[in-house]
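One structure below.
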2 protein chains.
Amino acid sequence: MSFSARLREHNASTWDAAVGHRFVTELWLGTVDPAALQAYFVQDNQFFDAFVAMLGATVAGADRPGPRIALARQLGLLAGPENDFFARVLDAFDVPLPDRSDPELVPATRGFLDLMHHARTSGDYATCLAVLLVAEWLYLDWADRPDAEPPADAIALEWIDLHRGPAFAAWVQFLRTEFDRATAALDDPEQERVAAVFARAVTLELEFFDAACAAV
Amino acid sequence: MSFSARLREHNASTWDAAVGHRFVTELWLGTVDPAALQAYFVQDNQFFDAFVAMLGATVAGADRPGPRIALARQLGLLAGPENDFFARVLDAFDVPLPDRSDPELVPATRGFLDLMHHARTSGDYATCLAVLLVAEWLYLDWADRPDAEPPADAIALEWIDLHRGPAFAAWVQFLRTEFDRATAALDDPEQERVAAVFARAVTLELEFFDAACAAV
């Protein structure tokens, strides 16, 4: 079993609680309380920049040219066509400026900012990949429901579509392959260190959904 | 006078020797010895990956979200549409595989690799910008000749076109603005440190053209 598969299994209860979270269920049904949805995007918007920065550090830290190019392309996508998503969503909710630029952060948001800062400044490829992989893989897991009826709400649907489909699935597969390759050569203490980063990210994903629901 | 303007002036003799180099003159005329042109691209190809990595570190190190996005978009361009340039050129010259993957490096190439490695691992925004700025600005300087007849040689023309035009000029202007802003708050020893990186990059650009001509 690959390291990524083992880590997911090891964190299965937290992982599955996030993927099957009430917030996700209601997002698919289009019944999320608008205040919860707004709170979710206001908080998520706060670490978009940190995520872009961490992806830059992953490009810098990659140990091979091929994966470096693949990471750089994904970064270009994120900074290009996908960059205006939050601005459009916050416009749609008519979120006041202070809540866009400097809202009160929930602990899960602070936790993500700390974790991404840690990954970015470590310059360590495997550490960056661990945070990226959880963020993208866990989202693919809840967004990829081939048999589900898509929600009528345009924002919910766009958020789902950003995290499913062949291109996004290939990106997650790429991250898994790289993560498994980059961690294969690590000794046990190093693998445990990366595993702790992975576990921390899964916990934060669950807490992030909890916080959105608690905002109502 | 801005810091970038002062540094260019301070390095004017080296800068102008590079911009007006025989290699550049012959590139415009389409008369570069094919062996020199091939040697040039074989060496340049050797630091494309290091350049992408350094640009990733610049994305990671940027101190503001707006410039970070601009840098990430440029990185996406470089990793996307412009990524196959070297492969196509080396194909056109029918360069043998060992000279693509592991050629003997001239000192200027080693120097660039060291400088980019230094900038990347420093994680310092101003240091990364200094190397980027010289690489892009000096190239715009020799490639932007509005009154010159473009060369008939397709490779020479594409290489020129990659380093001129409104989008490339705006990218250089962006780098200058960011460099001047990021260095404005530095104390004198820090500014001198960045100035030394700038000067080293200018020297290497000149030596890199020298090396191409010496390869014949």
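The values are calculated or read from the model by the stated rules, or taken from the named source; none is laboratory data. Please read these numbers as outputs of a predicted model, since none were measured by experiment. Using ideal geometry, Cβ is built from the backbone for each residue, glycine included, and neighbour counts are taken over all protein chains shown. Protein only, heavy atoms only, side chains kept; ligands, DNA and RNA dropped before computing areas. Shrake-Rupley method; radii C 1.70, N 1.55, O 1.52, S 1.80 Å.
Taking B:Gln74 as the residue in question, decide whether it is over 19 Å from B:Ala154 (Cβ atoms) and either without any contact (Cβ under 8 Å) to a residue 12 or more places away in the chain or within 14 Å of chain A (Cβ to nearest Cβ) (or both). Give the steps one after another, and end with the answer.
Numbers: over 19 Å from B:Ala154 (Cβ atoms): yes; either without any contact (Cβ under 8 Å) to a residue 12 or more places away in the chain or within 14 Å of chain A (Cβ to nearest Cβ) (or both): yes.
In short, yes.
Beta carbons closer than 7 Å, at least 6 apart along the sequence or on distinct chains, pair a first residue in the range B:136-151 that is open to solvent by less than 20 Å² (accessible area, probe 1.4 Å) with a second that is assigned to a loop (DSSP other than H, G, I, E, B) for B:Tyr139/B:His163; B:Ala143/B:His163; B:Ala143/B:Arg164; B:Pro151/B:Gly30. Screening the candidates A:Ala199, A:Ala154, A:Ala119 for the property of being small (Gly, Ala, Ser), surrounded by fewer than 22 Cβ atoms within 10 Å (Cβ to Cβ) and modelled with pLDDT of 95 or more yields one hit, A:Ala199.
Would you mention how many residues in the range B:68-91 are part of a helix (DSSP H, G or I) and open to solvent by less than 70 Å² (accessible area, probe 1.4 Å)? Let's see the steps before the verdict.
Step one: list which residues in the range B:68-91 are part of a helix (DSSP H, G or I), which gives B:68-79, B:85-91.
With open to solvent by less than 70 Å² (accessible area, probe 1.4 Å) added as a condition, the list becomes B:68-72, B:74-76, B:78-79, B:85-87, B:89-90.
Looking only at that region, the number is 15.
Beta carbons closer than 6 Å, at least 6 apart along the sequence or on distinct chains, pair a first residue in the range B:42-70 that is under 11 Å from B:Ala119 (Cβ atoms) with a second that is part of a helix (DSSP H, G or I) and open to solvent by 20 Å² or more (accessible area, probe 1.4 Å) for B:Ala50/B:Leu113; B:Ala53/B:Arg120; B:Met54/B:Arg120; B:Ala57/B:Arg120. Would you say B:Thr121 is out of contact with any strand residue (DSSP E or B) (no Cβ under 8 Å at 6 or more places or on another chain), within 11 Å of chain A (Cβ to nearest Cβ) and touching a residue at least 60 places away in the same chain (Cβ under 8 Å)? Considered against the rule, which asks whether it is out of contact with any strand residue (DSSP E or B) (no Cβ under 8 Å at 6 or more places or on another chain), within 11 Å of chain A (Cβ to nearest Cβ) and touching a residue at least 60 places away in the same chain (Cβ under 8 Å), B:Thr121 comes out as yes.
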